[in-house]
Amino acid sequence: MGETEVRVLSESEYRDANDLFRRAVLFPLADDEQWAASSQCMEPGRVLGAFLDGELAGTAWSMTSSLAVPGGAELPAAAVTGVAVRADSTRRGLLTGMIRFQLDDAARRGEVVAMLHASEGGIYERFGYGVASRVRNVEIDRTRARLRRSVPRGGQVRLVSLEQALRLMPALYRTCGRDRAGRIHRPDGWWQGRSALMNKSQAVAVHADDSGADDGFVVYQPRGESSTVDVWDLVAANDVAAIELWRFLLDIDLVTTVAGFERPVDEPVEWWLTDRRACRTTGVSDDLWVRLVDVLAALRARTYGRGEPVVLEVVDEFRPANTGCYRISPDGATTCDDAPQLTLDAAALAALYLGDQTASALATAGLVQVHDPQALTNADLLFPLQRPPWCGTGF
Ligand SMILES: CC(=O)SCCNC(=O)CCNC(=O)[C@H](O)C(C)(C)COP(=O)(O)OP(=O)(O)OC[C@H]1O[C@@H](n2cnc3c(N)ncnc32)[C@H](O)[C@@H]1OP(=O)(O)O
């Protein structure tokens, strides 16, 4: 096995890293437009390279972001992307080295969590990442879809130019959906990347409420020559804005299908329609994978339901400083020396953390070991299922 090294790349090395990433995810190499978009997500100091015998053989990037957690706190977070190892250099520990470097770096920056969208389900759990939220894809048959009369109406939807959209969307996004766990801060580089990728066939509609204040937007695009419209980003500050944006999409002439990607699993589209079967779920999949970098800080930052205190033993082989016992009560979390009632690893804790899964569900898979059965019931009360967490931002 060759000599390996992981280090921060200089800006002159970014294009090579981007090429390496695109080859590894089976994309064609970037043209200048795509490179302009990707390079915006490469923050100086946060683009890593893994070298094998002095040659670049892997890369992993992260962006400075934040993550909303139950109770509304926003935690400093590393948004991890651009992870790849050259096909001739895999399974030699290069990714492991980069993730170790990256998590240490996040900790130095005071980032409490790291998060990513995974290309495959089998990669990240070993590093303590767990699935913390899920998304749903839907297809609505526009020819059958009618909104119920009882569904509220309000405000107005208008189409805006791409230039106007790019000015409006970042500020609007900041005010929307702040009450949902899983929402992340979209860094400036993310918006610049989005702007470089928005093309002439994409359209943006903005909803303003009855007072004229903007409170939501949708980015959509006709799919090739078909009569399907793909909804890429629909963000709304309230239910009326969300409904009116969907109503707008369902009113577009010549369209037969409106396809929504990576929507919240609880978006009640079926309930808005007179024929609920006009809306079909075409898939539910994992959304955000979260890694608690600093378990105590993360546990302290969220709120808890009402229930008897529980002592969780967290076993974190990849970041052993997190290993230990934590007492969780409605008042918060502390470390403790008490006997553990439940034991789980970092990935299982991440799955509990945003309120997407219960401890009981994880226990059925052996991911929570139960030393005291009553503690499992108490843990379900302390970590209740929340309004399903949702990220809604691809990165
Ligand atoms: C956030 C994102 O950007 S997601 C995009 C991720 N990138 C891709 O999917 C591109 C294609 N794949 C790759 O580039 C590489 O295969 C990577 C990055 C997934 C893995 O890199 P490697 O350097 O091979 O990983 P590394 O050697 O450190 O493997 C560590 C362990 O994970 C396992 N592993 C690695 N990749 C996978 C995988 N895709 N599926 C299952 N297990 C995996 C290895 O077998 C190894 O297990 P072991 O410790 O029991 O031996």
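The values are calculated or read from the model by the stated rules, or taken from the named source; none is laboratory data. Just so we're clear, the structure is a prediction, and the values are computed from it rather than from any experiment. So basically every Cβ, Gly included, is an ideal-geometry build from the backbone, and we count neighbours across all protein chains shown. Note: accessible area is taken over every heavy atom of the protein model, side chains too, but ligands, DNA and RNA are not part of it. Shrake-Rupley method; radii C 1.70, N 1.55, O 1.52, S 1.80 Å.
Couple of notes before you dig in:
- Subset of the stretch 1-28 (residues that are open to solvent by 50 Å² or more (accessible area, probe 1.4 Å) and touching a Phe, Trp or Tyr at 6+ places or on another chain (Cβ under 9 Å)): E3, T4, E5, R7, V8, R15, F27
- Whichever residue in the stretch 165-185 is among the charged types (D, E, K, R), touching a residue at least 60 places away in the same chain (Cβ under 8 Å) and surrounded by fewer than 21 Cβ atoms within 10 Å (Cβ to Cβ) and, among such residues, is nearest to F217 (Cα to Cα): R178
- Long-range neighbours under 7 Å by Cβ, at least six apart or interchain, first residue of a type in the set (S, T, N, Q) within the stretch 26-44, second modelled with pLDDT under 95 and open to solvent by 50 Å² or more (accessible area, probe 1.4 Å): Q40/Q192
- Qualifying residue in the stretch 87-95 (condition: farther than 30 Å from P330 by Cβ, crowded, with 17+ Cβ neighbours inside 10 Å and modelled with pLDDT under 95): no
Every residue, every condition in (1) in contact (Cβ under 8 Å) with a residue 40 or more places away in the chain; (2) buried (at least 22 other Cβ atoms within 10 Å of the Cβ), yes or no:
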position: P340; (1), (2): no, no
position: A365; (1), (2): no, no
position: V368; (1), (2): no, yes
position: L376; (1), (2): no, no
position: R387; (1), (2): yes, no
position: W390; (1), (2): yes, yes
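- Selected residue (only one of L147, L162 is open to solvent by less than 50 Å² (accessible area, probe 1.4 Å), modelled with pLDDT under 95, closer than 22 Å to V255 by Cα and of a type in the set (A, V, I, L, M, F, W, C)): L162
- Hits in the stretch 124-144 - residues which are of a type outside the set (K, R), assigned to a strand (DSSP E or B) and open to solvent by 50 Å² or more (accessible area, probe 1.4 Å): E139
- The stretch 194-237: number of residues that are in a strand (DSSP E or B), open to solvent by 30 Å² or more (accessible area, probe 1.4 Å) and in contact with an Asp or Glu (Cβ under 7 Å, 6 or more places away or on another chain): 1
- Filtering G130, G97, G122, G93 for residues that are free of Cβ contacts under 8 Å to residues at least 12 places away in the same chain, within 16 Å of the ligand (Cβ to nearest atom) and out of contact with any Cys (no Cβ under 8 Å at 6 or more places or on another chain) leaves a single hit, G122.
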